[in-house]
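Below is one structure, written out as structure tokens, with a few remarks after it.
Taken together, the values in this text are just the output of simple stated rules run on the coordinates, not laboratory data. Remember, predicted model here, so these are calculated numbers, not experimental data. Cβ sites come from the backbone with ideal geometry, for glycine too, and all protein chains shown count toward neighbours.
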Amino acid sequence: MALGESLTNLLSDAGFKLVDIGARGGSMEELALLAPFSHYYACEPDPVEARKLSTKLKDENRWRDLTLMPEAISSNEGEATLNITKHLGLSSLLKPNYDLIKRFYTDPVFRIESTVNIPTISLKNASELYSFQDACFLKVDTQGTELDILKSGSLFVEENIMGVYVEVEFHPFYKDQPLFSDVDSYLTGLGFSLFDLHRVLMRRAAYQSNLYSRRQVVWAHALYFKEPESILRGNDDNKTLLNVMRLLGLALAFEQFDMALELVTSGRSSMLISNAYGLQVKNDVGDFIQRKTDDLLDKANFDESLPNCTTQMYQDKKNILRHQHYQTFRSFERLKQKYADLNKKYTNLGESYTKLGEKFTKLRKKLMNLNKKLPIHKKSITVAIESMIRNFLGKDPYK
């Protein structure tokens, strides 16, 4: 989707370095918007998976630069044992907590099939070794060791990272792992705010295929961003502008469009951007967001096209369409009520008209009887009354 010349120039100058720790399966699709402007660092310590990942990323040829890191990121540098589970995506440096796992209905996907010894390096030292000290984004998905990884480069995360996409768990599926509350407390302490939460739900062990039950939330992928005000406190305009540019790019990539508009329309961030790239950037951002919105509404059919899934991406799209559908429904209901009110008034008017006709019929009979009794020179009185009735109704009341 076209970005506009001014916005493209801004993103090209932002120097995006995106670090994916636990890159098994490939890069995040949400980051595709930034791929032409980014150096992508993929960390995958499983040797078999690392070879597949290397081939896949090179075949995609979407990133401006690409670096593969074979080490596992850990505060304990040296060597560690990677537990390879039946479901490869659940492999971890930690061992599964089977006492907890058995509470849920699941195949033996957490069963350890093999182990492999792998090299480890801290996040701080990895950033120096692979030259991503000025990276602005971290994705961390390592099955229970995410907080340890973040703490192994605490100063690096606090001073440079604008966005973090991290797996968090609400139950200890791995032994001695921290939970969501621990990760959230740590990141908020560094100035990050939670922006999105993509939940994963599971059925309990008592699951029966023929019976309905709501699922239990077990883990999630959480998106954190630095608050704009926290990066606008610095006195160095060049450094602040660079952080604003990077935060803007990440906000657009993850469809956090409210924050993107905030950055280009208000306060110091807007002034820094317009001074460096002109006022057209604001228009480019607005046009991009409008096209994304229009494209979403054009492609998605509220009742049929959207899958019934729990991912936030689809839920957001469904919410947009649900709101539009609701507004249309409300308008229809209001029109239907107006019609009902008018129909009631018309019915009441018809009933009144009928009753009035009945009264006129009775009056005519009386007039006819009276007419028979009156002398000829006084019959003109009843004729005049009948003429008044016809004029009032617009027709002969007796037909």
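Can you sort K345, K17 so the residue with the fewest Cβ neighbours within 10 Å comes first?
Numbers: K345 10, K17 22.
Sorted ascending by nearby Cβ count, the order is K345, K17.
Can you give the FRET efficiency for K239 and K175, using 1/(1 + (r/R0)^6), R0 = 45 Å, r = Cβ-Cβ distance, to the nearest 0.05?
Step by step, r from the Cβ atoms, then E = 0.60.
How would E262, E351 line up from fewest to most surrounding beta-carbon atoms within 10 angstrom?
The fewest-first ordering by Cβ neighbours comes to E351, E262.
Taking amide hydrogens as modeled 1.01 Å from N in the peptide plane, which residues meet the under 5 Å criterion relative to K139, leaving out close sequence neighbours?
V19, D20, I21, Y165
Based on the Kirkwood radius over alpha-carbon pairs, what is the Stokes-Einstein translational diffusion coefficient of the stretch 26-124 at 4 °C with 1.567 mPa s viscosity, in µm²/s? Display every interim value, and only then the final one.
Details: Rh = 15.3 Å.
Result for D is 85 µm²/s.
Hand me the chymotrypsin sites (Phe, Trp or Tyr not before Pro) from the stretch 201-296 located in a DSSP loop with no more than 11 other Cβ atoms within 10 Å, in residue order please. All intermediate terms of the calculation are to be shown ahead of the outcome.
Numbers: sites: Y207, Y212, W219, Y224, F225, F254, F257, Y277, F288; in loops: Y207, Y212, F254.
Of the chymotrypsin sites (Phe, Trp or Tyr not before Pro), the ones in loops of the stretch 201-296 whose Cβ has at most 11 other Cβ atoms within 10 Å are Y212.
Given G234, L223, A206, which one lies farthest toward the positive end of the charge dipole of the stretch 200-239, if we put +1 on the Cβ of every Lys and Arg and -1 on the Cβ of every Asp and Glu?
A206
On a full-extension model of 0.36 nm per residue, what is the gain between S274 and S12, subtracting their alpha-carbon distance, rounded to one decimal in nm?
92.7 nm is the gain from fully extending S274 to S12.
Gain in length, N76 to R111, computed as 0.36 nm per residue apart minus the alpha-carbon separation, to one decimal in nm? Display every interim value, and only then the final one.
Details: separation 35, 0.36 × 35 = 12.60 nm, distance 2.47 nm.
Roughly 10.1 nm would be gained on extension.
What's the Kirkwood radius of the stretch 76-153 in Å, using all Cα pairs?
On the way: mean 1/r = 0.0706 Å⁻¹.
Taking every pair of different Cα atoms in the stretch 76-153, averaging 1/r and inverting gives 14.2 Å.
Under a Cβ-only charge scheme (Lys and Arg +1, Asp and Glu -1), can you give me the dipole magnitude of the stretch 200-271 about the Cα centre, in debye to the nearest 20?
Roughly 560 debye, rounded to the nearest 20.
Mind giving me the FRET efficiency for Y339 and K362? R0 is 25 Å, r the Cβ-Cβ distance, nearest 0.05 is fine.
On the way: r = 35 Å, r/R0 = 1.39.
After rounding, the FRET efficiency stands at 0.10.
Using 18 Å as the cut-off for backbone N distance, which residues of the stretch 1-45 belong to the label zone defined by a point 7 Å from the Cα of T293 along Cα→Cβ?
Taking a point 7 Å out along Cα→Cβ of T293, the residues of the stretch 1-45 whose backbone N falls under 18 Å are 2-4.
Treat the count of other C-beta atoms within 10 Å as a stand-in for reagent exposure and order R214, R268, R204 from fewest to most. Before the final figure, lay out the partial values.
Working: R214 7, R268 17, R204 11.
Starting with the residue having the fewest Cβ neighbours, the order is R214, R204, R268.
Just to be sure I understand the model, the point goes 7 Å from the Cα along the line to the Cβ. What's the resulting L129 to A2 distance in nm?
4.5 nm
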